1. If you go through the range 201-235, how many residues are among the aliphatic types (A, V, I, L, M) and farther than 21 Å from K22 by Cα?
2. Those residues that are part of a helix (DSSP H, G or I) and either of a type in the set (A, V, I, L, M) or modelled with pLDDT under 90 (or both), I need them from the range 200-219; list them, please.
3. Can you find, within the range 141-177, the residue that is farthest from F20 (Cα to Cα) among those that are among the aromatic types (F, W, Y) and within 16 Å of the ligand (Cβ to nearest atom)?
4. Would you be able to say whether some residue in the range 106-126 is acidic (D, E) and within 11 Å of the ligand (Cβ to nearest atom)?
5. If you check G60 against the conditions, is it over 25 Å from I158 (Cβ atoms) and more than 11 Å from the ligand (Cβ to nearest atom)?
6. Find all pairs meeting these conditions: Cβ atoms under 9 angstrom apart; at least six residues apart or on different chains; first residue within the range 195-215 and away from the ligand (no atom under 15 Å from the Cβ); second residue at pLDDT below 80 and polar (S, T, N, Q).
7. R27 passes all but one of (1) within 10 Å of the ligand (Cβ to nearest atom); (2) in a helix (DSSP H, G or I); which number fails?
8. For the range 7-30, state whether one or more residues are small (G, A, S), under 22 Å from Y130 (Cβ atoms), free of Cβ contacts under 8 Å to residues at least 60 places away in the same chain and exposed (fewer than 15 other Cβ atoms within 10 Å of the Cβ).
Amino acid sequence: MIAIKLGGSFITDKSKYRTFRKYETERALKGIIKFGEPFVLVHGAGSFGHILCKQSGFPGTYKGKESQLSRVKYDTCSLNSMITEILLDLGMAPMSFSPFHLRRKDTFDYSSVLRSVEGGFLPVMYGDIYIDGNDVKIYSGDSIMFDICNLLNPTDAIFMGDVDGIFDRDPKIYPESKLLKTVKKQQDFNTILNDVTGGMGGKYIAMKKIASLGIRTSMMNGLYPERLSDLHNDNFYGSVIE
Ligand code: IPE
């Protein structure tokens, strides 16, 4: 089994509110299915989460801003529905889970996700908001990836983004940046993108934690899902955390 996260910057245009990259997402999902390994899926929120959260001052108190919060929840759920619909059309049996519903007193309860795997379904989990007292908090798809890897012990954890992998500098700003084909767990990484769940820096921390579980953790470009076929050989075009 493999665990795959489709990053919000890949499945949406992160700069434009609620812009779903349907064609690219569909292509990536077809490629993942074609790869043939059983998988669990996680996806980010992209412009269906970050923009309105930032505008509304979330994470933080939601008191007096209940309708904004409902709108964020509706948006993240809408993105998930569109992804689920693609999977259904591709003949899969997806079941969706949000941390909002998995939240217990001070933890997340994945037992329903595990039941869905046992039942032969494809769990689709996504970064979302959850409520903690008067506050709204955010649980990212990257954190979900860590939790689910810890529980299911997949052979691989794959992060599909809108760039080829991890670079020595932000490739969107520095054209001369270099792709790092292997990245040491010990290496520090500067936060290069700004979003409410920590941008690339936050993602890298989650990836390092997953690699520490002994799971092969890699990052690749979702625009080229055919690169999955080289996942376990030297021709793999992406970054692997060691
Ligand atoms: C963020 O989830 C959820 C919200 C902002 C509500 P992620 O952190 O996993 O989303 P991306 O991949 O960065 O867009």
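The values are calculated or read from the model by the stated rules, or taken from the named source; none is laboratory data. It should be emphasised that the depicted structure is a prediction, and the values quoted were computed from it without experimental measurement. Here the Cβ is made from the backbone with ideal geometry for all residues, glycine too, and neighbour counts use every protein chain on show.
1. 8
2. Listed by number, the residues that qualify are M200, G201, G202, K203, Y204, I205, A206, M207, I210, A211.
3. Taking the candidates together, the pick is F146.
4. No, the range 106-126 contains no residue that is acidic (D, E) and within 11 Å of the ligand (Cβ to nearest atom).
5. Yes.
6. K208/Q186; K208/Q187
7. (1)
8. No; the residues of the range 7-30 include none that is small (G, A, S), under 22 Å from Y130 (Cβ atoms), free of Cβ contacts under 8 Å to residues at least 60 places away in the same chain and exposed (fewer than 15 other Cβ atoms within 10 Å of the Cβ).
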